[in-house]
Amino acid sequence: MNPQFIMDGLIAGAIIGLGAVGVTLTYSILRFSNFAHGELLSWGAYLALAVAGALGFLSAGLTKPIAPFSFGWALPISAVIAIGLTGLLALAVDALLFSSFRRRGSAIIIMVMASFGASLALRSLLEFLFTSKPAYFTKALQIAMKLGGGLRATPDQLLMLGVALVAVVTVHLLMTRTDIGRAMRAVSENPALASIAGIDVRRVIRTVWFLGAALACVAGIMSGLLIQIRPYLGHDLLLPLFAAAILGGIGSVPGAMLAGLIIGLCEALAVQAVGAEWRAAVSFVILIAVLLVRPRGLFGKAS
Amino acid sequence: MTAPILSTHGLVAGYEPDLPIVRGIDFSVSSGELVVLLGPNGAGKSTFVKAIAGLVPIHAGTMMLNGRDITHVSPHRKVAEGLAFVPQTENVFATMTILENLQIAVAHLPKAKRGAAIEALFSRFPDLAARPSRLAGALSGGQRQMLAVARALALDPPVIILDEPSAGLSPKIVSEVFDMLKAINAGGVTVLLVEQNVKAALAIASRAVILAEGRIAHEGLPEELASDPLVGKIYLGTAHGHQGAPA
(Lines give C-alpha, C1' and ligand atoms only; values in the text may rest on other atoms or scores of the structure.)
Protein backbone atom coordinates (compact mmCIF):
# COMPACT_ATOMS: atom_id res chain seq x y z
CA MET A 1 0.00 0.00 0.00
CA ASN A 2 1.33 3.43 -0.97
CA PRO A 3 1.89 5.56 2.18
CA GLN A 4 0.97 8.66 0.17
CA PHE A 5 -2.62 8.03 1.27
CA ILE A 6 -1.61 9.51 4.63
CA MET A 7 -0.72 12.87 3.09
CA ASP A 8 -3.75 12.81 0.80
CA GLY A 9 -5.94 11.96 3.78
CA LEU A 10 -4.49 14.70 5.98
CA ILE A 11 -5.07 17.33 3.29
CA ALA A 12 -8.64 16.22 2.60
CA GLY A 13 -9.17 15.85 6.35
CA ALA A 14 -7.95 19.38 7.07
CA ILE A 15 -10.54 20.77 4.65
CA ILE A 16 -13.28 18.57 6.14
CA GLY A 17 -12.16 19.42 9.67
CA LEU A 18 -12.28 23.18 9.14
CA GLY A 19 -15.73 22.95 7.61
CA ALA A 20 -16.84 20.64 10.40
CA VAL A 21 -15.73 23.12 13.07
CA GLY A 22 -18.19 25.58 11.57
CA VAL A 23 -20.91 22.92 11.45
CA THR A 24 -20.34 21.88 15.06
CA LEU A 25 -20.43 25.47 16.32
CA THR A 26 -23.60 26.40 14.47
CA TYR A 27 -25.29 23.11 15.35
CA SER A 28 -24.47 23.36 19.05
CA ILE A 29 -25.66 26.95 19.39
CA LEU A 30 -28.39 27.34 16.77
CA ARG A 31 -29.64 23.78 17.46
CA PHE A 32 -30.43 22.71 13.94
CA SER A 33 -28.55 21.03 11.12
CA ASN A 34 -27.74 23.80 8.67
CA PHE A 35 -27.59 22.06 5.32
CA ALA A 36 -26.68 25.37 3.70
CA HIS A 37 -23.29 25.31 5.45
CA GLY A 38 -21.67 23.61 2.46
CA GLU A 39 -22.67 26.53 0.25
CA LEU A 40 -20.66 28.84 2.48
CA LEU A 41 -17.55 26.88 1.45
CA SER A 42 -18.44 27.36 -2.21
CA TRP A 43 -19.29 31.03 -1.79
CA GLY A 44 -16.09 31.60 0.17
CA ALA A 45 -14.03 30.11 -2.64
CA TYR A 46 -15.84 32.05 -5.37
CA LEU A 47 -15.74 35.32 -3.45
CA ALA A 48 -11.98 34.91 -2.99
CA LEU A 49 -11.68 34.09 -6.69
CA ALA A 50 -13.63 37.19 -7.67
CA VAL A 51 -11.65 39.47 -5.35
CA ALA A 52 -8.34 37.93 -6.43
CA GLY A 53 -9.38 38.46 -10.05
CA ALA A 54 -10.20 42.10 -9.35
CA LEU A 55 -6.89 42.62 -7.53
CA GLY A 56 -5.03 40.99 -10.42
CA PHE A 57 -6.83 43.32 -12.83
CA LEU A 58 -5.76 46.34 -10.76
CA SER A 59 -2.16 45.19 -10.30
CA ALA A 60 -0.71 42.34 -12.31
CA GLY A 61 2.19 42.11 -9.84
CA LEU A 62 -0.17 40.73 -7.18
CA THR A 63 -0.72 37.58 -9.25
CA LYS A 64 2.99 36.81 -9.57
CA PRO A 65 3.61 33.60 -7.54
CA ILE A 66 5.29 33.98 -4.17
CA ALA A 67 7.99 31.30 -4.20
CA PRO A 68 7.68 28.42 -3.43
CA PHE A 69 3.88 28.66 -3.69
CA SER A 70 1.73 28.67 -6.80
CA PHE A 71 -0.16 31.88 -6.03
CA GLY A 72 0.61 35.56 -5.65
CA TRP A 73 -0.29 38.09 -2.95
CA ALA A 74 -3.69 38.51 -4.55
CA LEU A 75 -4.86 35.24 -2.98
CA PRO A 76 -4.02 35.89 0.70
CA ILE A 77 -5.39 39.44 0.43
CA SER A 78 -8.56 38.22 -1.28
CA ALA A 79 -8.87 35.42 1.32
CA VAL A 80 -9.06 37.99 4.13
CA ILE A 81 -11.67 40.02 2.24
CA ALA A 82 -13.62 36.87 1.28
CA ILE A 83 -13.71 35.73 4.93
CA GLY A 84 -15.42 38.99 5.85
CA LEU A 85 -17.79 38.81 2.88
CA THR A 86 -18.74 35.17 3.57
CA GLY A 87 -19.41 36.09 7.18
CA LEU A 88 -21.66 38.92 6.02
CA LEU A 89 -23.43 36.55 3.63
CA ALA A 90 -24.16 34.15 6.51
CA LEU A 91 -25.47 37.05 8.63
CA ALA A 92 -27.67 38.16 5.74
CA VAL A 93 -29.11 34.65 5.29
CA ASP A 94 -29.79 34.49 9.02
CA ALA A 95 -31.43 37.92 9.05
CA LEU A 96 -33.58 37.17 6.00
CA LEU A 97 -34.52 33.60 6.84
CA PHE A 98 -33.58 31.88 10.08
CA SER A 99 -34.05 34.74 12.54
CA SER A 100 -37.73 35.05 11.66
CA PHE A 101 -38.20 31.33 12.35
CA ARG A 102 -36.38 31.70 15.67
CA ARG A 103 -38.63 34.61 16.66
CA ARG A 104 -41.71 32.51 15.92
CA GLY A 105 -40.26 29.58 17.87
CA SER A 106 -40.51 27.36 14.77
CA ALA A 107 -39.82 23.64 15.07
CA ILE A 108 -36.34 22.39 14.23
CA ILE A 109 -37.63 20.57 11.15
CA ILE A 110 -38.80 23.92 9.75
CA MET A 111 -35.30 25.35 10.22
CA VAL A 112 -33.75 22.30 8.56
CA MET A 113 -36.12 22.53 5.60
CA ALA A 114 -35.39 26.26 5.34
CA SER A 115 -31.68 25.46 5.24
CA PHE A 116 -32.29 23.06 2.33
CA GLY A 117 -34.04 25.89 0.52
CA ALA A 118 -31.24 28.32 1.31
CA SER A 119 -28.70 25.77 0.08
CA LEU A 120 -30.47 25.37 -3.23
CA ALA A 121 -30.88 29.12 -3.70
CA LEU A 122 -27.25 29.91 -2.84
CA ARG A 123 -25.91 27.18 -5.12
CA SER A 124 -28.15 28.19 -8.01
CA LEU A 125 -27.09 31.79 -7.61
CA LEU A 126 -23.44 30.73 -7.77
CA GLU A 127 -24.06 28.77 -10.96
CA PHE A 128 -25.89 31.75 -12.41
CA LEU A 129 -23.07 34.16 -11.54
CA PHE A 130 -20.03 32.00 -12.26
CA THR A 131 -21.42 29.11 -14.40
CA SER A 132 -20.77 25.49 -13.46
CA LYS A 133 -17.46 25.39 -15.31
CA PRO A 134 -14.55 24.63 -12.93
CA ALA A 135 -12.34 27.57 -12.03
CA TYR A 136 -8.86 27.83 -10.51
CA PHE A 137 -6.99 30.27 -8.31
CA THR A 138 -3.84 29.43 -10.24
CA LYS A 139 -2.90 27.20 -13.10
CA ALA A 140 0.78 27.10 -12.13
CA LEU A 141 2.08 23.55 -11.74
CA GLN A 142 3.84 22.58 -8.56
CA ILE A 143 6.23 19.68 -8.07
CA ALA A 144 5.61 17.70 -4.90
CA MET A 145 8.54 17.56 -2.50
CA LYS A 146 9.76 14.37 -0.92
CA LEU A 147 9.04 14.41 2.81
CA GLY A 148 10.48 11.02 3.72
CA GLY A 149 8.65 7.80 4.49
CA GLY A 150 7.36 7.69 0.95
CA LEU A 151 5.31 10.86 1.44
CA ARG A 152 5.19 13.77 -0.95
CA ALA A 153 3.49 17.15 -0.72
CA THR A 154 3.49 20.43 -2.62
CA PRO A 155 4.34 23.68 -0.79
CA ASP A 156 0.70 24.75 -1.24
CA GLN A 157 -0.49 21.58 0.48
CA LEU A 158 1.90 22.03 3.40
CA LEU A 159 0.88 25.66 3.77
CA MET A 160 -2.79 24.74 3.81
CA LEU A 161 -2.17 22.13 6.52
CA GLY A 162 -0.44 24.84 8.55
CA VAL A 163 -3.32 27.27 7.96
CA ALA A 164 -5.83 24.65 9.11
CA LEU A 165 -3.81 23.95 12.25
CA VAL A 166 -3.49 27.66 13.10
CA ALA A 167 -7.21 28.23 12.45
CA VAL A 168 -8.30 25.38 14.73
CA VAL A 169 -5.92 26.34 17.55
CA THR A 170 -7.13 29.95 17.27
CA VAL A 171 -10.79 28.94 17.44
CA HIS A 172 -10.09 26.57 20.35
CA LEU A 173 -8.35 29.37 22.27
CA LEU A 174 -11.20 31.73 21.41
CA MET A 175 -13.71 29.25 22.82
CA THR A 176 -11.81 28.52 26.03
CA ARG A 177 -9.99 31.76 26.89
CA THR A 178 -12.20 34.65 25.84
CA ASP A 179 -15.48 36.20 26.98
CA ILE A 180 -17.17 35.57 23.66
CA GLY A 181 -15.98 31.95 23.63
CA ARG A 182 -17.33 31.29 27.12
CA ALA A 183 -20.54 33.05 26.12
CA MET A 184 -20.83 30.77 23.08
CA ARG A 185 -20.38 27.67 25.24
CA ALA A 186 -22.89 29.01 27.75
CA VAL A 187 -25.51 29.65 25.06
CA SER A 188 -24.81 26.21 23.63
CA GLU A 189 -25.54 24.61 27.01
CA ASN A 190 -28.51 26.67 28.17
CA PRO A 191 -29.66 29.77 26.25
CA ALA A 192 -32.18 30.84 28.91
CA LEU A 193 -29.63 30.64 31.72
CA ALA A 194 -27.10 32.42 29.51
CA SER A 195 -29.51 35.32 29.02
CA ILE A 196 -30.10 35.77 32.76
CA ALA A 197 -26.36 35.46 33.34
CA GLY A 198 -26.03 38.68 31.34
CA ILE A 199 -25.13 37.22 27.96
CA ASP A 200 -26.56 38.87 24.85
CA VAL A 201 -27.73 35.69 23.11
CA ARG A 202 -28.47 37.43 19.81
CA ARG A 203 -24.92 38.79 19.68
CA VAL A 204 -23.58 35.29 20.32
CA ILE A 205 -25.73 33.90 17.50
CA ARG A 206 -24.39 36.55 15.10
CA THR A 207 -20.83 35.74 16.17
CA VAL A 208 -21.39 32.03 15.57
CA TRP A 209 -22.77 32.65 12.09
CA PHE A 210 -19.79 34.84 11.24
CA LEU A 211 -17.21 32.48 12.72
CA GLY A 212 -18.72 29.38 11.10
CA ALA A 213 -18.86 31.16 7.74
CA ALA A 214 -15.27 32.40 8.12
CA LEU A 215 -14.03 28.86 8.70
CA ALA A 216 -16.15 27.59 5.81
CA CYS A 217 -14.56 30.25 3.61
CA VAL A 218 -11.05 29.14 4.60
CA ALA A 219 -11.99 25.50 3.90
CA GLY A 220 -13.49 26.50 0.56
CA ILE A 221 -10.38 28.43 -0.45
CA MET A 222 -8.20 25.46 0.58
CA SER A 223 -10.32 23.12 -1.50
CA GLY A 224 -10.30 25.56 -4.41
CA LEU A 225 -6.55 25.98 -4.27
CA LEU A 226 -5.68 22.31 -3.92
CA ILE A 227 -8.38 20.86 -6.19
CA GLN A 228 -10.67 23.20 -8.13
CA ILE A 229 -13.55 25.60 -7.61
CA ARG A 230 -17.04 24.43 -8.57
CA PRO A 231 -20.50 25.45 -7.41
CA TYR A 232 -20.91 21.95 -5.94
CA LEU A 233 -17.61 22.17 -4.01
CA GLY A 234 -19.34 22.62 -0.65
CA HIS A 235 -22.40 20.52 -1.38
CA ASP A 236 -20.22 17.50 -2.15
CA LEU A 237 -18.47 17.92 1.21
CA LEU A 238 -21.67 18.17 3.23
CA LEU A 239 -21.86 14.53 4.30
CA PRO A 240 -18.20 14.38 5.43
CA LEU A 241 -18.68 17.69 7.28
CA PHE A 242 -21.64 16.40 9.27
CA ALA A 243 -19.98 13.01 9.82
CA ALA A 244 -16.92 14.80 11.25
CA ALA A 245 -19.01 17.13 13.44
CA ILE A 246 -20.90 14.18 14.90
CA LEU A 247 -17.83 11.94 15.22
CA GLY A 248 -15.95 14.73 17.01
CA GLY A 249 -18.84 15.43 19.36
CA ILE A 250 -21.21 18.34 18.78
CA GLY A 251 -19.71 21.52 20.18
CA SER A 252 -16.12 20.27 20.32
CA VAL A 253 -13.74 22.28 18.13
CA PRO A 254 -10.70 19.97 18.51
CA GLY A 255 -13.05 17.00 18.16
CA ALA A 256 -14.37 18.26 14.81
CA MET A 257 -10.86 18.80 13.49
CA LEU A 258 -9.59 15.43 14.67
CA ALA A 259 -12.68 13.73 13.26
CA GLY A 260 -12.17 15.56 9.96
CA LEU A 261 -8.64 14.18 9.77
CA ILE A 262 -9.89 10.67 10.63
CA ILE A 263 -12.52 10.84 7.89
CA GLY A 264 -10.02 12.24 5.41
CA LEU A 265 -7.57 9.42 6.19
CA CYS A 266 -10.31 6.78 5.99
CA GLU A 267 -11.44 8.15 2.63
CA ALA A 268 -7.90 8.14 1.28
CA LEU A 269 -7.36 4.61 2.59
CA ALA A 270 -10.61 3.46 0.99
CA VAL A 271 -9.52 4.91 -2.35
CA GLN A 272 -6.41 2.75 -2.25
CA ALA A 273 -7.96 -0.32 -0.68
CA VAL A 274 -11.28 -0.67 -2.48
CA GLY A 275 -11.37 2.00 -5.18
CA ALA A 276 -12.22 5.67 -5.59
CA GLU A 277 -15.90 4.95 -6.21
CA TRP A 278 -16.24 3.98 -2.51
CA ARG A 279 -14.76 7.22 -1.21
CA ALA A 280 -18.12 8.90 -0.62
CA ALA A 281 -19.45 5.86 1.22
CA VAL A 282 -16.80 6.16 3.93
CA SER A 283 -18.38 9.21 5.58
CA PHE A 284 -21.77 7.57 5.49
CA VAL A 285 -20.47 4.37 7.13
CA ILE A 286 -18.63 6.37 9.82
CA LEU A 287 -21.72 8.54 10.46
CA ILE A 288 -23.98 5.51 10.91
CA ALA A 289 -21.41 3.70 13.07
CA VAL A 290 -20.96 6.68 15.39
CA LEU A 291 -24.70 7.23 15.74
CA LEU A 292 -25.15 3.55 16.64
CA VAL A 293 -22.16 3.07 18.92
CA ARG A 294 -21.36 6.46 20.47
CA PRO A 295 -23.91 9.11 19.52
CA ARG A 296 -22.15 11.80 21.54
CA GLY A 297 -19.00 11.33 19.48
CA LEU A 298 -15.37 11.32 20.61
CA PHE A 299 -15.41 14.49 22.69
CA GLY A 300 -19.11 15.23 23.09
CA LYS A 301 -20.55 15.77 26.54
CA ALA A 302 -23.11 13.27 27.80
CA SER A 303 -26.53 14.89 27.99
CA MET B 1 -42.46 52.23 53.67
CA THR B 2 -39.74 53.39 51.24
CA ALA B 3 -40.33 53.68 47.50
CA PRO B 4 -40.52 50.31 45.76
CA ILE B 5 -37.32 49.11 44.14
CA LEU B 6 -39.21 46.55 42.07
CA SER B 7 -42.86 46.66 41.13
CA THR B 8 -45.35 45.21 38.69
CA HIS B 9 -48.64 46.77 37.65
CA GLY B 10 -51.40 44.64 36.16
CA LEU B 11 -48.84 42.12 34.95
CA VAL B 12 -50.25 39.43 32.68
CA ALA B 13 -47.80 36.76 31.55
CA GLY B 14 -47.69 33.21 30.25
CA TYR B 15 -46.26 31.05 27.52
CA GLU B 16 -49.37 31.41 25.33
CA PRO B 17 -51.19 34.76 24.89
CA ASP B 18 -54.58 33.04 25.21
CA LEU B 19 -53.62 31.15 28.37
CA PRO B 20 -52.10 33.62 30.83
CA ILE B 21 -50.73 32.04 33.99
CA VAL B 22 -50.08 35.36 35.72
CA ARG B 23 -53.38 37.23 35.57
CA GLY B 24 -52.87 40.85 36.47
CA ILE B 25 -50.54 41.15 39.43
CA ASP B 26 -49.93 44.44 41.21
CA PHE B 27 -46.90 43.85 43.37
CA SER B 28 -44.03 45.79 44.86
CA VAL B 29 -40.91 45.22 46.91
CA SER B 30 -39.21 47.96 48.86
CA SER B 31 -35.47 48.31 49.11
CA GLY B 32 -34.01 46.04 51.78
CA GLU B 33 -37.05 43.77 52.08
CA LEU B 34 -36.95 39.99 51.98
CA VAL B 35 -40.29 39.05 50.48
CA VAL B 36 -41.39 35.46 50.15
CA LEU B 37 -43.88 34.37 47.50
CA LEU B 38 -45.95 31.42 48.62
CA GLY B 39 -48.86 29.52 47.20
CA PRO B 40 -50.05 26.13 46.11
CA ASN B 41 -48.61 24.32 43.10
CA GLY B 42 -49.80 25.92 39.88
CA ALA B 43 -50.43 29.28 41.52
CA GLY B 44 -48.10 31.00 39.05
CA LYS B 45 -45.25 31.81 41.44
CA SER B 46 -42.43 30.58 39.21
CA THR B 47 -44.04 32.00 36.07
CA PHE B 48 -44.37 35.38 37.80
CA VAL B 49 -40.69 35.62 38.75
CA LYS B 50 -39.60 34.23 35.37
CA ALA B 51 -41.70 36.94 33.72
CA ILE B 52 -39.94 39.54 35.87
CA ALA B 53 -36.58 38.09 34.79
CA GLY B 54 -37.65 38.20 31.13
CA LEU B 55 -37.94 34.46 30.53
CA VAL B 56 -41.72 34.32 30.09
CA PRO B 57 -43.61 36.53 27.59
CA ILE B 58 -45.49 39.47 29.10
CA HIS B 59 -48.86 40.16 27.49
CA ALA B 60 -50.02 43.17 29.51
CA GLY B 61 -49.00 45.39 32.38
CA THR B 62 -45.73 47.06 33.30
CA MET B 63 -42.72 46.37 35.43
CA MET B 64 -40.44 48.93 37.08
CA LEU B 65 -36.97 48.55 38.56
CA ASN B 66 -35.53 51.49 40.47
CA GLY B 67 -38.01 53.78 38.75
CA ARG B 68 -37.16 52.54 35.26
CA ASP B 69 -39.64 50.71 33.06
CA ILE B 70 -38.11 47.29 32.33
CA THR B 71 -41.24 45.59 31.02
CA HIS B 72 -39.83 44.75 27.64
CA VAL B 73 -36.12 44.93 28.42
CA SER B 74 -34.25 41.77 27.35
CA PRO B 75 -33.08 39.43 30.14
CA HIS B 76 -29.38 40.23 29.73
CA ARG B 77 -30.07 43.96 29.94
CA LYS B 78 -32.08 43.43 33.14
CA VAL B 79 -28.96 41.86 34.66
CA ALA B 80 -27.01 44.99 33.77
CA GLU B 81 -29.84 47.09 35.26
CA GLY B 82 -29.35 45.30 38.59
CA LEU B 83 -31.86 42.45 38.58
CA ALA B 84 -30.41 39.04 39.40
CA PHE B 85 -32.37 35.81 39.02
CA VAL B 86 -31.57 32.30 40.22
CA PRO B 87 -33.79 29.67 38.56
CA GLN B 88 -34.96 26.61 40.43
CA THR B 89 -33.20 24.05 38.20
CA GLU B 90 -30.39 24.16 35.65
CA ASN B 91 -29.06 27.25 37.34
CA VAL B 92 -25.36 26.70 36.62
CA PHE B 93 -23.46 25.88 33.43
CA ALA B 94 -22.80 22.24 34.22
CA THR B 95 -20.22 21.63 31.48
CA MET B 96 -18.13 24.59 32.60
CA THR B 97 -15.90 24.98 35.64
CA ILE B 98 -16.76 26.96 38.77
CA LEU B 99 -14.30 29.64 37.66
CA GLU B 100 -15.77 29.81 34.16
CA ASN B 101 -19.28 30.19 35.60
CA LEU B 102 -18.07 33.15 37.61
CA GLN B 103 -16.06 34.58 34.71
CA ILE B 104 -19.29 34.68 32.71
CA ALA B 105 -21.00 36.45 35.59
CA VAL B 106 -18.39 39.21 35.86
CA ALA B 107 -18.01 39.72 32.12
CA HIS B 108 -19.99 42.98 32.35
CA LEU B 109 -17.31 44.51 34.59
CA PRO B 110 -14.20 46.25 33.26
CA LYS B 111 -11.38 43.69 32.88
CA ALA B 112 -9.31 45.31 35.62
CA LYS B 113 -12.07 44.73 38.17
CA ARG B 114 -13.00 41.15 37.30
CA GLY B 115 -10.25 39.41 39.27
CA ALA B 116 -11.14 41.26 42.46
CA ALA B 117 -14.84 40.56 41.93
CA ILE B 118 -14.19 36.82 41.60
CA GLU B 119 -11.89 36.87 44.64
CA ALA B 120 -14.63 38.61 46.63
CA LEU B 121 -17.10 35.88 45.63
CA PHE B 122 -14.61 33.17 46.58
CA SER B 123 -14.07 34.71 50.01
CA ARG B 124 -17.85 34.91 50.44
CA PHE B 125 -18.33 31.30 49.28
CA PRO B 126 -15.16 29.49 50.42
CA ASP B 127 -16.52 26.09 49.35
CA LEU B 128 -16.30 27.27 45.76
CA ALA B 129 -12.78 28.58 46.17
CA ALA B 130 -11.38 25.20 47.18
CA ARG B 131 -11.45 23.77 43.64
CA PRO B 132 -12.30 26.47 41.09
CA SER B 133 -11.42 24.17 38.19
CA ARG B 134 -14.07 21.65 39.19
CA LEU B 135 -16.92 21.20 36.71
CA ALA B 136 -20.15 22.74 37.98
CA GLY B 137 -21.97 19.59 36.91
CA ALA B 138 -19.93 17.59 39.43
CA LEU B 139 -21.01 19.73 42.41
CA SER B 140 -23.49 18.64 45.05
CA GLY B 141 -26.96 20.22 45.13
CA GLY B 142 -25.98 22.65 47.86
CA GLN B 143 -22.74 23.64 46.17
CA ARG B 144 -24.59 24.20 42.90
CA GLN B 145 -27.02 26.47 44.70
CA MET B 146 -24.07 28.37 46.20
CA LEU B 147 -22.53 28.76 42.76
CA ALA B 148 -25.84 29.89 41.28
CA VAL B 149 -26.24 32.51 44.01
CA ALA B 150 -22.60 33.57 43.68
CA ARG B 151 -23.13 33.99 39.94
CA ALA B 152 -26.21 36.11 40.60
CA LEU B 153 -24.40 38.29 43.14
CA ALA B 154 -21.36 38.88 40.97
CA LEU B 155 -22.45 42.33 39.82
CA ASP B 156 -23.63 43.46 43.28
CA PRO B 157 -27.28 43.64 42.20
CA PRO B 158 -29.70 45.64 44.35
CA VAL B 159 -32.37 42.95 43.79
CA ILE B 160 -32.04 39.17 43.68
CA ILE B 161 -34.90 36.80 42.88
CA LEU B 162 -34.63 33.13 43.76
CA ASP B 163 -37.01 30.43 42.56
CA GLU B 164 -37.27 27.68 45.20
CA PRO B 165 -33.60 27.57 46.21
CA SER B 166 -34.33 24.80 48.73
CA ALA B 167 -35.84 22.39 46.19
CA GLY B 168 -34.23 18.98 46.31
CA LEU B 169 -31.81 19.84 49.12
CA SER B 170 -31.36 18.04 52.43
CA PRO B 171 -32.71 19.80 55.58
CA LYS B 172 -29.17 20.66 56.71
CA ILE B 173 -28.30 22.25 53.37
CA VAL B 174 -31.67 24.03 53.26
CA SER B 175 -30.82 25.61 56.59
CA GLU B 176 -27.45 26.75 55.21
CA VAL B 177 -29.08 28.18 52.09
CA PHE B 178 -31.61 30.14 54.15
CA ASP B 179 -28.85 31.43 56.44
CA MET B 180 -27.03 32.58 53.31
CA LEU B 181 -30.15 34.38 52.01
CA LYS B 182 -30.58 36.07 55.35
CA ALA B 183 -26.98 37.24 55.26
CA ILE B 184 -27.36 38.51 51.69
CA ASN B 185 -30.45 40.48 52.71
CA ALA B 186 -28.66 41.81 55.80
CA GLY B 187 -25.95 43.06 53.42
CA GLY B 188 -28.50 45.39 51.81
CA VAL B 189 -29.70 43.29 48.89
CA THR B 190 -33.46 43.15 48.34
CA VAL B 191 -34.56 39.53 48.10
CA LEU B 192 -37.65 38.10 46.43
CA LEU B 193 -37.97 34.44 47.22
CA VAL B 194 -40.35 31.84 45.79
CA GLU B 195 -40.62 28.94 48.20
CA GLN B 196 -42.57 25.78 48.92
CA ASN B 197 -40.80 25.36 52.25
CA VAL B 198 -43.25 27.62 54.06
CA LYS B 199 -41.89 27.33 57.58
CA ALA B 200 -38.28 28.08 56.67
CA ALA B 201 -39.26 30.88 54.30
CA LEU B 202 -41.58 32.64 56.76
CA ALA B 203 -38.84 32.43 59.39
CA ILE B 204 -36.54 34.71 57.41
CA ALA B 205 -39.04 36.85 55.48
CA SER B 206 -39.94 40.44 56.28
CA ARG B 207 -43.16 40.12 54.28
CA ALA B 208 -45.08 37.29 52.67
CA VAL B 209 -47.29 37.27 49.60
CA ILE B 210 -49.57 34.38 48.69
CA LEU B 211 -50.45 33.75 45.07
CA ALA B 212 -53.38 31.66 43.93
CA GLU B 213 -54.57 31.13 40.37
CA GLY B 214 -52.19 33.75 39.03
CA ARG B 215 -53.31 36.54 41.35
CA ILE B 216 -52.33 37.84 44.76
CA ALA B 217 -54.65 36.20 47.26
CA HIS B 218 -53.16 37.45 50.54
CA GLU B 219 -50.21 39.40 51.80
CA GLY B 220 -48.96 40.42 55.17
CA LEU B 221 -46.38 39.93 57.84
CA PRO B 222 -45.01 36.39 58.08
CA GLU B 223 -46.21 35.89 61.64
CA GLU B 224 -49.74 36.94 60.69
CA LEU B 225 -49.93 34.52 57.80
CA ALA B 226 -48.24 31.76 59.75
CA SER B 227 -50.80 32.01 62.54
CA ASP B 228 -53.83 32.24 60.29
CA PRO B 229 -55.19 28.68 60.06
CA LEU B 230 -57.57 29.54 57.23
CA VAL B 231 -54.76 30.94 55.07
CA GLY B 232 -52.63 27.93 55.86
CA LYS B 233 -55.36 25.47 55.02
CA ILE B 234 -56.64 27.12 51.85
CA TYR B 235 -53.50 28.50 50.25
CA LEU B 236 -50.51 26.76 51.75
CA GLY B 237 -51.86 23.27 52.18
CA THR B 238 -50.85 23.21 55.83
CA ALA B 239 -53.03 21.91 58.64
CA HIS B 240 -52.05 24.58 61.14
CA GLY B 241 -50.74 27.33 58.95
CA HIS B 242 -47.10 27.03 59.96
CA GLN B 243 -45.99 23.55 59.00
CA GLY B 244 -44.02 22.45 55.97
CA ALA B 245 -45.55 22.87 52.59
CA PRO B 246 -46.62 20.12 50.25
CA ALA B 247 -44.05 18.72 47.87
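The values are calculated or read from the model by the stated rules, or taken from the named source; none is laboratory data. Since this is a predicted model, take the numbers as computed values, not measurements. Quick reminder, even Gly has a Cβ in these numbers, built from the backbone with ideal geometry, and neighbours come from all protein chains shown. For accessibility, only protein heavy atoms count, side chains too; no ligands or nucleic acids. Shrake-Rupley method; radii C 1.70, N 1.55, O 1.52, S 1.80 Å.
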Pick out, from B:205, B:180, B:138, the residue whose Cα sits farthest towards the positive end of the charge dipole of chain B, with +1 on the Cβ of Lys and Arg and -1 on the Cβ of Asp and Glu.
B:138
Calc'd 3J(HN,Hα), region B:63-79, phi into Karplus 6.51 cos²θ - 1.76 cosθ + 1.60 (θ = phi - 60°), Hz, glycine/Pro = x, comes to 9, 10, 10, 6, x, 9, 6, 10, 3, 10, 7, 5, x, 5, 6, 4, 4
I'd like the accessible area for residue B:77: 1.4 Å probe, protein heavy atoms, all chains in place, Å² to the nearest 10.
110 Å²
For peptide A:181-193, how many partner chain Cβ atoms fall within 10 Å of a residue's Cβ, on average?
5
Evaluated over the protein assembly as shown, the Cα radius of gyration and Dmax, each in Å
28.4, 92
Amide H contacts of residue A:299 (H built 1.01 Å from N, under 5 Å, at least 5 apart or other chain)
A:249
Rank by packing, highest mean first: peptides B:99-111, A:142-154, with packing defined as the count of other Cβ atoms within 10 Å averaged across residues.
B:99-111, A:142-154
With +1 on the Cβ of every Lys and Arg and -1 on the Cβ of every Asp and Glu, the dipole magnitude of chain A about its Cα centre, in debye rounded to the nearest 20, is 460 debye
Helix by helix through chain A, keep the DSSP H runs that span 18 Å or more along the axis on Cα and average at least 0.5 on Kyte-Doolittle, and give those back in order.
A:4-30, A:37-58, A:74-93, A:108-130, A:155-177, A:201-226, A:253-273, A:279-293
Ignoring ligands, DNA and RNA, how much accessible area is buried between chains A and B, both sides summed, with a 1.4 Å probe, to the nearest 100 Å²?
1800 Å²
Whole-Hz ³J(HN,Hα) for each residue in region B:175-187, computed from phi via Karplus 6.51 cos²θ - 1.76 cosθ + 1.60 with θ = phi - 60°, x for glycine and proline: what do you get?
4, 5, 5, 5, 4, 4, 5, 4, 5, 4, 5, 5, x
So who's got an amide H within less than 5 Å of the one on residue B:60, skipping anything under 5 residues away but keeping other chains? H placed 1.01 Å off N, in plane.
B:12
Can you tell me the dipole magnitude for region B:1-125 around its Cα centre, using point charges on the Cβ only (Lys, Arg +1; Asp, Glu -1), in Debye to the nearest 20?
340 debye
Kindly provide the Kirkwood hydrodynamic radius of chain B in Å, to one decimal, from all pairs of distinct alpha carbon atoms.
18.4 Å
Ordered by packing density, taken as the mean number of other Cβ atoms within 10 Å over each peptide's residues, highest first, how do B:5-15, A:249-259, A:210-220 rank?
A:210-220, A:249-259, B:5-15
Tell me, which residues of region B:100-140 get at least 20 Å² less accessible area when the other protein chains come in, versus the chain alone (1.4 Å probe)?
B:100, B:103, B:104, B:108, B:114
Long-range amide H partners of residue B:134, meaning residues 5 or more apart or on another chain whose placed amide H is closer than 5 Å, are B:98, B:99
Apportionment of accessible area to carbon and sulfur, the protein assembly as shown, percent (1.4 Å):
63 percent
For the protein assembly as shown: lysine pairs with Cα atoms under 15 Å, gap of 8 or more or different chains, count?
5
Put +1 on the Cβ of every Lys and Arg and -1 on every Asp and Glu Cβ in chain A; which of A:190, A:17, A:65 then has its Cα farthest towards the positive end of the dipole?
A:190
Which whole-number value in Å² is the accessible area per residue of chain A, probe 1.4 Å?
45 Å²
How compact is region A:144-303 by the rule of thumb for globular proteins, expressed as Cα Rg over 2.2 N^0.38 Å?
1.17
Region A:4-293: equivalent-ellipsoid semi-axes (sqrt of 5 x gyration tensor eigenvalues, Cα, Å)
30, 23, 18
Report, in debye and to the nearest 20, how large the dipole of the protein assembly as shown comes out about its Cα centre when Lys and Arg carry +1 and Asp and Glu carry -1 on their Cβ.
1160 debye
Do any residues of region B:27-57 show a loss of at least 40 square angstrom of accessible area between the isolated chain and the full protein assembly, using a 1.4 Å probe, and if so which?
B:55
Give me the inter-chain shielding for A:195-207: mean count of other chain Cβ atoms within 10 Å, whole number please.
6
With θ set to phi - 60°, apply the Karplus curve 6.51 cos²θ - 1.76 cosθ + 1.60 along region B:206-215 and write out the HN-Hα couplings as whole Hz, x wherever there is a Gly or Pro.
9, 7, 10, 10, 10, 9, 8, 6, x, 9
Losing no less than 10 Å² of accessible area (probe 1.4 Å) relative to the isolated chain, the residues of region B:71-91 are B:75, B:76, B:79, B:85, B:87, B:90
Rank-order A:187-194, A:50-57, B:190-197 by packing density, defined as the average count of other C-beta atoms within 10 Å over each peptide's residues, highest first.
B:190-197, A:187-194, A:50-57
Chain B - percent relative contact order, Cα under 8 Å, separation 6 or more
25 percent
